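One structure is given here, and the rest of the page talks about it.
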Amino acid sequence: MDSLIIKACAAGIIAVFLALTLKKETPAIALAITMAVGVFILLMILPRLEAVMGTLETVAAGVSGGGSEYIGVAVKVIGIAWVAEFGSNVCADAGEAGVASKIELAGKVLIMAVSAPIVLTLLERVIALL
């Protein structure tokens with residue numbers, strides 16, 4: 001098992017305990033702790049994310065038949081989903097469920113916009129088969 005996930009979980013659990021302890025007396029500091037640990041965990045995994053992106057770029061370069069643009073779209077969709085979820089969770093943790101839901105909606109709309117050309121191509125090919 002990768003020790004990075006253990007470190008990320010430990011940081012998260014410690015931050016939650018600290019935030020819960022401080023929440024009644026100083027809610028702003030509790031929120032700052034949870035936001036800081038979220039950014040810390042994101043920075044911890046950033047080198048691994050860069051490695052994954054490098055691997056996907058290598059795979060996309062090796063794809064023949066014009067399929068490499070699909071991999072690029074898939075990477076964009078995954079990136080949008082991750083960023084939207086992170087932003088939504090931060091807002092939900094802050095007690096701003098309304099803003100969190102708007103971020104989720106924005107993520108869904110952007111995913112639809114990015115993937116629309118692929119969906120249209122797929123529909124054209126299905127119609128051509130009929």
From the list V59, V126, V75, V109, which one is over 30 Å from A15 (Cα atoms) and in contact with a Leu (Cβ under 8 Å, 6 or more places away or on another chain)?
V75
Mind listing just one residue for me: the one in the stretch 101-116 that is of a type in the set (G, A, S) and within 11 Å of E85 (Cα to Cα) and, of those, surrounded by the most Cβ atoms within 10 Å (Cβ to Cβ)?
G107
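Listed here are the residues, each with its yes/no results for (1) of a type in the set (S, T, Y); (2) in contact with a Pro (Cβ under 6 Å, 6 or more places away or on another chain); (3) farther than 30 Å from F40 by Cβ; (4) without any contact (Cβ under 8 Å) to a residue 12 or more places away in the chain.
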{"position": "I78", "(1), (2), (3), (4)": "no, no, no, yes"}
{"position": "A94", "(1), (2), (3), (4)": "no, no, no, no"}
{"position": "L120", "(1), (2), (3), (4)": "no, no, yes, yes"}
{"position": "A128", "(1), (2), (3), (4)": "no, no, yes, yes"}
Qualifying residues in the stretch 82-100 (those that are in a helix (DSSP H, G or I) and among the charged types (D, E, K, R)) - the one surrounded by the fewest Cβ atoms within 10 Å (Cβ to Cβ):
E85
If I filter the stretch 1-51 down to residues being hydroxyl-bearing (S, T, Y) and in a helix (DSSP H, G or I), which single residue comes out as farthest from N89 (Cα to Cα)?
S3
May I ask you to verify whether L49 is farther than 29 Å from A106 by Cβ, surrounded by fewer than 14 Cβ atoms within 10 Å (Cβ to Cβ) and at pLDDT below 90?
no
Filter result (in contact (Cβ under 8 Å) with a residue 12 or more places away in the chain and farther than 15 Å from M53 by Cβ) within the stretch 82-92:
A84, E85, F86, G87, S88, N89, V90, C91
Among the residues that make up the stretch 68-89, is at least one of them charged (D, E, K, R), at pLDDT 90 or above and outside the structural domain of A10 (by TED's automatic domain parsing)?
yes
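The values are calculated or read from the model by the stated rules, or taken from the named source; none is laboratory data. None of these values were measured; they are calculated from a predicted model. As a convention, Cβ positions derive from the backbone with ideal geometry for all residues, glycine included, and neighbour counts pool all protein chains shown.
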